[in-house]
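The values are calculated or read from the model by the stated rules, or taken from the named source; none is laboratory data. Just so we're clear, the structure is a prediction, and the values are computed from it rather than from any experiment. Cβ placement follows ideal geometry from the backbone for every residue including glycine, while neighbour counts extend to all protein chains displayed. All accessible areas refer to the heavy atoms of the entire protein, side chains included, with ligands and DNA or RNA removed. Shrake-Rupley method; radii C 1.70, N 1.55, O 1.52, S 1.80 Å.
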Amino acid sequence: MADMLFQQNGPLSNIVAKRSEIYLLRGTKPIVAYHLNAQNVSSILVASHMELRPDDIIYVAQRPIISFSRLLSEISILRVLLRDIRNNNIP
């Protein structure tokens, strides 16, 4: 698992990745979720011994500031749309 996470262009090479919020989802009924904090060296050692299976899903959360930034950009687009509607400037 650690090899996949830290490979070139892997999930943790992205600057928006929150290294303390990595999840491995395994199984179907029930689904088991494993949490990995890649900022903790002992967790990385455990991840290096964990083998991925064909249907495993890896989820890496975004840093909160990135989510907030995206929210602000969406709101700004909405403000422009509302301004155009108010000014009767709809293409």
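What the table shows:
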quantity	calculated
Residue check for I44: of a type in the set (V, I, T) and touching a strand residue (DSSP E or B) at 6+ places or on another chain (Cβ under 7 Å)	no
Selection count, the range 28-77, where residues are exposed (fewer than 10 other Cβ atoms within 10 Å of the Cβ) and basic (K, R)	2
Scope the range 15-25; condition surrounded by 16 or more Cβ atoms within 10 Å (Cβ to Cβ) and either closer than 15 Å to E51 by Cβ or not charged (D, E, K, R) (or both); matching residues	A17, I22, L24
Sole residue being modelled with pLDDT of 85 or more and out of contact with any Asp or Glu (no Cβ under 6 Å at 6 or more places or on another chain), chosen from L12, L36, L71	L36
Matching residues in the range 78-91 - criterion: being part of a helix (DSSP H, G or I), more than 28 Å from V16 (Cβ to Cβ) and open to solvent by 90 Å² or more (accessible area, probe 1.4 Å)	R83, R86
Subset of the range 15-47 (residues that are part of a strand (DSSP E or B) and charged (D, E, K, R))	K18, R19, E21, R26
Subset of the range 42-72 (residues that are among the basic types (K, R) and either in contact (Cβ under 8 Å) with a residue 40 or more places away in the chain or touching a His at 6+ places or on another chain (Cβ under 7 Å) (or both))	R63
Of the criteria (1) in contact (Cβ under 8 Å) with a residue 40 or more places away in the chain; (2) touching a strand residue (DSSP E or B) at 6+ places or on another chain (Cβ under 7 Å); (3) open to solvent by 70 Å² or more (accessible area, probe 1.4 Å), which one L12 fails	(3)
